[in-house]
């Protein structure tokens, strides 16, 4: 693998970039592995990387039905943050932010994590009280947070509508300075390249058609490229978790699949330096390095596996943006798309044993899986390698739905992420 | 006559010259021109710069397929970024500037970047800028990126209409096929709507000498007239930008420049797609030079605008459609040579102007190169709707295959590039039948990019993706089409790959030695062309964004100088009078404690549950036992979710054996009603229970305070008021002004209190009477801010403020039904989960501050000191005018057991102390209830 | 914008409807002892099928619950019928 660096880029530029090797191989699957991961999205690839790096497990395959990073990893709005209320969530998502902070250098792949900060606005006195409560919770959980008044919000996001007669006037907000955006594809590609370099086989266009059981234990998978046996199997198939769980006989998961839409405008010169979420408008926005406004909002309201958006939600989200930032009214929408997300009753993920021996699940990330990729991979690798929970993943075990120890962050953000 | 304008009959109005400027220089065009056609007529070739290398660019196409000429346009002081010059109609006084270029497109200071192109290959940024971190380099990169700059001012009057519409047959595309199909359908008696994105119908017909024996303009007019005569409608300048679930088509109808398009949400029983096809660029060295244009684009400039784009033209085409173009351009006065792209590698010569073209050793001095590598059908909408695509080897194109429900494709989009075939398909489809794929005489010789060949050959013009970038992506194993697209950004520019996608796929297929159809295609995503955000916004704004609910008594409150604000979706008085809010609110609290407060409680829920099974139903709905409630009595209780958490609190009154009134919180009425309906119909006999929400029909006026009884007495109602006759938590029905009046003795302040409910229309009379009677006793109207303090003094909760999504009733001191209620109720089992039984549950407590301390901030956390850990937080906090010191409520881990403990209170890094106490700070014995 | 045919009001825009849950959830008899896993299954488990689904929806403007069969991939609505017919 050619190392990526300014020097090598300079050298390759001079010789027509002919010396760059493959970012990852396209190997044929072996008949057995120490671990097989189903789904080469961000979480699956990160899991493979950390299995190899942290646990020395390199005889690992990641199986992907389509192309790597082609699910929600490549469809999200790229926001990375850990502005959560409960200590369990803060521990999980802040681990992720910390891993992201060093990820480009660690993977030797620029994932463009840009800590431009994220502002969540407050629009009434009760909102301000909730904002204060959240800032305090975040800081007590060891996460950076600032409580902003209206003028401070204005400095960070001058495009917002500050008219006093607007439907939801801005009173202030919460800032997480370390939050920001990353380049979503690069996260998948960076993990894929680094995992591949450590010996992991990433096998694309390889559909898992069934699981292989022996004495009640999952010992491998039937795939479109033949049977592959594994000491342990992990599934990271956001959007299709219920389908895989059914196939494996793990019963009905507490998950409903919904389409989540995202939008991008034509590129503009820089107009917005932070990520901004205005909860009463149900819309959030950031500006990508290319200049497009990347826009997101709430879920579609109809359970769906169709990876496309529908007009009513588009109207709500984009109208919300124009209400938030009326100067954007004439900016043109370039493209919109949708991904299918796993929605759990408490909007928190499920990580851990599936209920079937030998098979583990990493799912249920709802609309917030991208920001959790490094932590999801890190923790899931720990579980696959050791068979036990990491302290940070333990509260997110599927068993919480039986004990009632839900981690419902509904209060942490206007949009149920 | 400007230099490139011919006298050919065109669609411009030569009697209406228009003045405009581009990059600061003045020009003249005509009404009917686009910015691009007017500039070309003036001999301007360089209209933009590419995204990455800042290469000079002129228009490739004449319509939506142009990726190059993008401008920021100012008209009448209003500025619009990112206007494609090829689709922007020329208006008198327009000032256009090329985006991404300074000081002008012709002389751009960043053009030097092109020198470094070898280091700016696809994905170069993934390989560097990692040390020390990306954020150091990012601001510079951000400044370089982006196209137009927006004005920070809000455009006045820029507002979109949005309409719902429907028709039997929607024909998309107003060229020959679309017109013929629409006419056939209209004449067959169907309700037809024909849409076309050009301001003038006809598609490519204007290029033709004649059609069916008459001049194109006459033929078009005849079809249009036949369509409208048969009752059809025609929408021009209207783009079908997307097809959504259940066949909804989004149409953007463009008005004059500078106005927001109108959104039509169009439903059609059947859709005839006649969107045509586009010329595909040829990949050769220097193919991005200004002066390299599409064959069809050049013909459109001539036919629609009378502009001959070049005088000495090299026409490079691999198909027979160029024959007609050759005739047309020559007739207009061009010298033209034909080159066969298969005869050898091509190279465009020149810099900002095309100077020639070479093929092998042959050089030709030309000022314009027109290229067509074949036709690419515009199948976007077909794919939005879920239609399949089939590869056609003869046409070397993806054509509509298996159709989506209710859609049919005709004409060039269906591969019918011959006019006769196209018309025949269109008439078949218009008559309601489905034509197949027809034979073609298109004479195409497959032509695709040649990997490994020399020179810089552009695949995506706007994003500066070259053939070498595709080769690099393949070398690095980014071989799936989605990886190719994302790694190189191919097809992601503002033309959405209309010119580049096919060449990109073909290049990847060629690099890998695979057949093109095996490579597959990326997803076609709406919108077909970029559309302003305002189009989606339209009426969804201002006060129509979550409209406020209004009180029947709003005029009375306004007259009393109420400070109206939003509380739980209602516009309600926060307090009354002018002056410092805090003083006014405190005075209202004191008035309520010494005399009485008169409060408009109309938003309180008034949901009736009726029927023979009503008792069992409410007993199941409520946490508390309701079945033992006697008629005329009232009980306080909780509704829970099945997860056991508190959904709402409030009182329920029993009017008679089979009739209850649920008085839920103001902001929960809609959700409670839905909750009740869902349980009524699912799991119960819906013929024995009825839910009737009368919240909006009744107004409620609360009189609360020691003088409340005297005020009611002054109303001279036919009801016994003494406490023995009318005790707390009972209800009486009487009449006021000959109208039924319901009086409930309930209290949210801890004082003697009556809630008077009456028909909405009678509320003003009742209010006036109560206020008149009250004023005599020094009572006064109070707002919701005072009420919030009054209830907090008593430790009464507001659900959602003093509870969160985890709070269960036993956290609020209401633990008995959980242990004792003998029958099933919603949420019951969840109250015995591991979590419900946990010892560290957060419970409601009061919080007292040391004497002289200021009030605690709401949202502050109670913490264990080392390490700092949150135990809970302050939910409500006020200066109590009644008690003369601050009070607060909070949710704290194991709160009931901590009463008397002093804890640290943490707020934004500051720490202070508070003592945990019982929630009720005022009149804990409840003696004032019967005062 | 999808169109759902309310069995009582006819075809209406999707924005008038509320997804009430999957069809066939039966509330355990909680007056008896219910094991925690069984209660969790009732509360949270979802079939969440890809393809044909059977769901309960409420038409918010008439408040009636009804059963809808539809395809969760293509969004095609196959059938709607009153919930009480379904119960019979």
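The values are calculated or read from the model by the stated rules, or taken from the named source; none is laboratory data. Please read these numbers as outputs of a predicted model, since none were measured by experiment. Cβ: placed from backbone, ideal geometry, glycine included. Neighbour counts: every protein chain shown.
Against the list (1) surrounded by 21 or more Cβ atoms within 10 Å (Cβ to Cβ); (2) under 17 Å from residue A:274 (Cβ atoms); (3) within 11 Å of another protein chain (Cβ to nearest Cβ), the condition residue A:146 fails is (1). Filtering B:637, B:579, B:643, B:650 for residues that are part of a loop (DSSP other than H, G, I, E, B), crowded, with 20+ Cβ neighbours inside 10 Å, under 44 Å from the mean Cα position of the chain (by Cα) and not assigned by TED's automatic domain parsing to the domain that holds residue B:882 leaves a single hit, B:643. Among the criteria (1) more than 18 Å from the chain's Cα centre (by Cα); (2) within 14 Å of another protein chain (Cβ to nearest Cβ); (3) at pLDDT 95 or above; (4) crowded, with 24+ Cβ neighbours inside 10 Å, the one residue A:51 does not fulfil is (2).
Could you look through the stretch C:1-20, keep only residues that are at the interface with another protein chain (Cβ under 10 Å from one of its Cβ atoms), assigned to a strand (DSSP E or B) and in contact (Cβ under 8 Å) with a residue 24 or more places away in the chain, and pick out the one that is nearest to residue B:385 (Cα to Cα)?
In the first step, residues of the stretch C:1-20 are kept if they are at the interface with another protein chain (Cβ under 10 Å from one of its Cβ atoms); the result is C:1-4, C:11, C:13-15, C:17-20.
Adding the requirement that they be assigned to a strand (DSSP E or B) leaves C:3-4, C:11, C:13, C:17-20.
Still in the list and also in contact (Cβ under 8 Å) with a residue 24 or more places away in the chain: C:3-4, C:17-20.
Working: C:3: 15, C:4: 18, C:17: 23, C:18: 25, C:19: 24, C:20: 28 Å.
Once the filter is applied, the top-ranked residue is C:3.
Taken over the stretch B:1-24, residues that are over 25 Å from residue B:218 (Cα atoms) and touching a residue at least 60 places away in the same chain (Cβ under 8 Å) amount to 8. The strands (runs of 3 or more DSSP E) falling completely within the stretch B:297-366 that include 2 or more residues that are surrounded by 15 or more Cβ atoms within 10 Å (Cβ to Cβ) and touching a helix residue (DSSP H, G or I) at 6+ places or on another chain (Cβ under 9 Å) map to B:312-317. Selection of the stretch B:886-911 for residues being free of Cβ contacts under 8 Å to residues at least 60 places away in the same chain and surrounded by fewer than 17 Cβ atoms within 10 Å (Cβ to Cβ) yields B:894, B:897, B:899, B:900, B:901, B:902, B:904, B:908, B:909, B:910, B:911. Across the stretch B:400-430, the number of residues qualifying as closer than 23 Å to residue B:188 by Cα and either outside any loop (DSSP other than H, G, I, E, B) or outside the structural domain of residue B:190 (by TED's automatic domain parsing) (or both) comes to 17.
Of all residues in the stretch A:261-272, how many are more than 22 Å from residue A:341 (Cα to Cα) and in contact with a helix residue (DSSP H, G or I) (Cβ under 7 Å, 6 or more places away or on another chain)?
Residues of the stretch A:261-272 more than 22 Å from residue A:341 (Cα to Cα): A:265-272.
Retained after the next criterion (residues that are in contact with a helix residue (DSSP H, G or I) (Cβ under 7 Å, 6 or more places away or on another chain)): A:270.
Here the count works out to 1.
Report, by residue number, each residue of the stretch A:251-273 that is within 11 Å of chain C (Cβ to nearest Cβ), farther than 19 Å from residue A:299 by Cα and in contact (Cβ under 8 Å) with a residue 60 or more places away in the chain.
Let us first name the residues in the stretch A:251-273 that are within 11 Å of chain C (Cβ to nearest Cβ), namely A:251-259.
Subsequent filtering for residues that are farther than 19 Å from residue A:299 by Cα retains A:251-253.
The answer is A:251, A:253.
Looking at the stretch A:324-356 only, could you name the residues that are assigned to a loop (DSSP other than H, G, I, E, B) and at the interface with another protein chain (Cβ under 7 Å from one of its Cβ atoms)? Quick ask: steps written out before the conclusion?
Step one: list which residues in the stretch A:324-356 are assigned to a loop (DSSP other than H, G, I, E, B), which gives A:325, A:329-331, A:344-349, A:354-356.
Listed by number, the residues that qualify are A:329, A:330, A:331, A:345.
Checked against (1) touching a residue at least 12 places away in the same chain (Cβ under 8 Å); (2) surrounded by fewer than 24 Cβ atoms within 10 Å (Cβ to Cβ); (3) more than 13 Å from chain B (Cβ to nearest Cβ), residue A:83 meets all criteria but (2).
Report whether or not residue B:502 is within 9 Å of chain A (Cβ to nearest Cβ) and touching a strand residue (DSSP E or B) at 6+ places or on another chain (Cβ under 7 Å). It is false that residue B:502 is within 9 Å of chain A (Cβ to nearest Cβ) and touching a strand residue (DSSP E or B) at 6+ places or on another chain (Cβ under 7 Å).
Please specify each residue of the stretch B:531-558 satisfying the condition of being more than 14 Å from chain A (Cβ to nearest Cβ) and not in a helix (DSSP H, G or I).
From the stretch B:531-558, those more than 14 Å from chain A (Cβ to nearest Cβ) are B:550-558; that's our starting set.
Passing the criteria: B:550, B:551, B:552, B:553.
Out of all the residues in the stretch B:666-697, which are surrounded by 15 or more Cβ atoms within 10 Å (Cβ to Cβ), outside any helix (DSSP H, G or I) and at pLDDT below 95? Within the stretch B:666-697, B:682, B:684, B:686 qualify. Restricting B:226, B:252, B:260, B:277 to residues that are touching a residue at least 40 places away in the same chain (Cβ under 8 Å), buried (at least 20 other Cβ atoms within 10 Å of the Cβ) and under 29 Å from residue B:9 (Cα atoms) narrows the list to B:277. In the stretch B:591-611, the condition of being without any contact (Cβ under 8 Å) to a residue 60 or more places away in the chain and either in the same structural domain as residue B:780 (by TED's automatic domain parsing) or within 25 Å of residue B:699 (Cα to Cα) (or both) is met by no residue. Restricting the search to helices (runs of 4 or more DSSP H) fully inside the stretch B:445-530 and requiring at least 2 residues that are closer than 24 Å to residue B:114 by Cβ and outside the structural domain of residue B:63 (by TED's automatic domain parsing) gives B:467-475, B:481-488, B:501-512. Of everything in the stretch B:843-869, what is part of a strand (DSSP E or B), modelled with pLDDT under 95 and in contact with a helix residue (DSSP H, G or I) (Cβ under 8 Å, 6 or more places away or on another chain)? Give them in sequence order. Matches in the stretch B:843-869: B:869 only.
Would you be able to say whether some residue in the stretch A:316-323 is more than 10 Å from every other protein chain (Cβ to nearest Cβ) and in contact (Cβ under 8 Å) with a residue 40 or more places away in the chain? Break it down into steps so the answer makes sense when it comes.
Restricting attention to the stretch A:316-323, the residues satisfying the condition of being more than 10 Å from every other protein chain (Cβ to nearest Cβ) are none.
Within the stretch A:316-323, not a single residue is more than 10 Å from every other protein chain (Cβ to nearest Cβ) and in contact (Cβ under 8 Å) with a residue 40 or more places away in the chain.
Residue A:362 falls short of the stated requirement of being closer than 24 Å to residue A:238 by Cβ, within 8 Å of chain B (Cβ to nearest Cβ), touching a residue at least 24 places away in the same chain (Cβ under 8 Å) and in contact with a helix residue (DSSP H, G or I) (Cβ under 6 Å, 6 or more places away or on another chain).
Would you point out which residue out of A:102, A:108 is modelled with pLDDT of 95 or more and either on the phi > 0 side of the Ramachandran plot or assigned by TED's automatic domain parsing to the domain that holds residue A:289 (or both)? From the options A:102, A:108, the qualifying one is A:108.
If the requirement is being assigned to a strand (DSSP E or B), in contact (Cβ under 8 Å) with a residue 12 or more places away in the chain, assigned by TED's automatic domain parsing to the domain that holds residue A:52 and surrounded by 19 or more Cβ atoms within 10 Å (Cβ to Cβ), which of these qualifies: A:232, A:276, A:237?
Working: A:276 fails: assigned by TED's automatic domain parsing to the domain that holds residue A:52; A:237 fails: assigned to a strand (DSSP E or B).
The conditions single out A:232.
Does residue B:453 satisfy the condition of being within 23 Å of residue B:377 (Cα to Cα) and either over 35 Å from the mean Cα position of the chain (by Cα) or touching a residue at least 40 places away in the same chain (Cβ under 8 Å) (or both)? For residue B:453, the condition - within 23 Å of residue B:377 (Cα to Cα) and either over 35 Å from the mean Cα position of the chain (by Cα) or touching a residue at least 40 places away in the same chain (Cβ under 8 Å) (or both) - is not met. If you go through the stretch B:63-87 and pick out every residue that is in contact with a strand residue (DSSP E or B) (Cβ under 7 Å, 6 or more places away or on another chain) and either surrounded by fewer than 21 Cβ atoms within 10 Å (Cβ to Cβ) or under 15 Å from residue B:150 (Cβ atoms) (or both), you end up with 10.
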